[in-house]
1. Counting only protein heavy atoms and a 1.4 Å probe, tell me what percentage of the chain's accessible area is made up of carbon and sulfur.
2. Would you be so kind as to identify all helices of the chain, as entire DSSP H runs, whose Cα atoms reach 15 Å or more along the helix's own axis and whose mean Kyte-Doolittle hydropathy is at least 0.5?
3. Given a 1.4 Å probe, how much area per residue of the chain is accessible, in Å²?
4. Need one word for the range 46-129: rounded, prolate or oblate. Basis is the Cα gyration tensor (sqrt eigenvalues a ≥ b ≥ c); a/c below 1.5 gives rounded, then a/b vs b/c decides.
5. Place +1 on the Cβ of every Lys and Arg and -1 on the Cβ of every Asp and Glu in the chain, take the dipole about the Cα centre, and give the residue among Ser94, Pro160, Gly35 whose Cα lies farthest towards its positive end.
6. Mind telling me which of Pro315, Pro209, Pro113 comes out most flexible in a GNM of the chain, alpha-carbon contacts under 10 Å?
7. Using only Cα atoms, locate the centre of the range 176-194 and the centre of the range 5-73, then give the distance between them in Å, rounded to an integer.
8. Provide the packing ranking of 183-190, 87-94, i.e. peptides ordered by the mean count of other C-beta atoms within 10 Å per residue, highest first.
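The values are calculated or read from the model by the stated rules, or taken from the named source; none is laboratory data. As the structure is a prediction and not an experimental result, all values here were calculated from the model. Note that we place each Cβ from the backbone using ideal geometry, even for glycine, and neighbour counts take in every protein chain shown. SASA here: full protein model, heavy atoms, side chains in, ligands and nucleic acids out. Shrake-Rupley method; radii C 1.70, N 1.55, O 1.52, S 1.80 Å.
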Amino acid sequence: MNAERTNPESAPTGPADCLTDVPGLRVGHAQRSGGGRLTGTTVVLAPEGGAVAAVDVRGGGPGTRETDALDSRNLVQRVDAVVLTGGSAFGLDSASGVASWLEEHGRGFRVGPDPAQVVPVVPAAALFDLGRGGDWRARPDAALGREAIEAAAGSRPGAPVAEGNVGAGTGAVAGGLKGGIGSASTVLPSGVTVAALAAVNAAGSVVDPRTGALYGEHYEPLDEDGPHSPTVAEHAEAMRRLTAARAESERRQAASVRPPLNTTLAVVATDAVLTRAQAHKLAGTAHDGLARAVRPVHLLSDGDTVFALATSGRPLIPDGGPEDAGDPAFGVHRESGALNEVLAAGADVLTRAVVKAVLAAETVDGPGGVFPAYRDLYNR
């Protein structure tokens, strides 16, 4: 059965269709798997001078660090890195390794006459993956955070972002399916780039239980193939296998019964010039994209958190166009219209990032449980 398209308009993707299409941003992953471990950390590294940053937390069980610093009423306006990590609250230790690396490179908020006197502000958020590799005490630490930022710093500009079972997505699970890292981008008619990266680890489902289609694929643009439409028999068999995997996971976890705690984390970014307040709005509207792709979302057992970054390399409204000769009183409306395009795009790319994460994920069968990949259940 074919689903009707919800989003008939489309814009071209960036060259790599990922977060690093925003000039200056780099992404690094570090992970541990095997030997009872299944967790990792992802770092988004801003260009020299940092990026305007904001956050919107809507899950009921967040684990975060330095998010209060991103309030537009507070002092620091730019940050040099954002950390997404596994390990729940324990995994926030990884941000210390990132802050240490930044300090060594003279990056952070200047607090003294010596250029080395900086305090890096490193916002971070954690998802729950404790015990999914079998060892409850396997979680990211400062060393893993340093490894992730070194990977980001060592990557070439515009390098594609690795997706699937990497970084913060290593131990991610979405509604019983294997989750992971996904990223997507778009280039607006104005030339502004908007992109997203998501670590998909949701208590809710990413799959329509009636059809087996991914919820987020209903929002793909018209020039794509559209939602994957499994046959009734394919869907029934996939559900049977998923139910069996869940039962087996519960059996393996019986010695340390765990509640279904999760959390999806995301970074939405643009090269447009945004104020802190405008970036906060971008983080908020991007949550709409998450709600399209995961149902239900923002639960008490999720800590769903979206960061927004603006590298501010391109004005929202290009100067010198013929419209600049018009009534200046309408300038605010022009700016609002341009910002609205960025806000809408932020939601769209986050939806696509969730879909790409689920499609890139690989099945995990280990001592902590069986987490089948969507592509294996539905032969994608």
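1. Numbers: 8190 of 15570 Å².
Accessible surface attributable to carbon and sulfur in the chain totals 53 percent.
2. Numbers: long enough: 94-104 (16 Å, 0.08); 142-153 (16 Å, 0.60); 232-252 (30 Å, -0.98); 276-293 (27 Å, -0.52); 331-360 (43 Å, 0.67).
Taking the DSSP H segments of the chain (at least 15 Å long, mean hydropathy at least 0.5), we get 142-153, 331-360.
3. Numbers: 15570 Å² over 380 residues.
Computed with neighbouring chains in place, this is 41 Å² per residue.
4. Working: a/c = 2.52, a/b = 1.53, b/c = 1.64.
The shape class here is oblate.
5. Result: Gly35.
6. Pro113
7. Cα centroid to Cα centroid, the span is 10 Å.
8. Working: 183-190: 20.8, 87-94: 23.5.
Ranked from most to least packed, the peptides come out as 87-94, 183-190.
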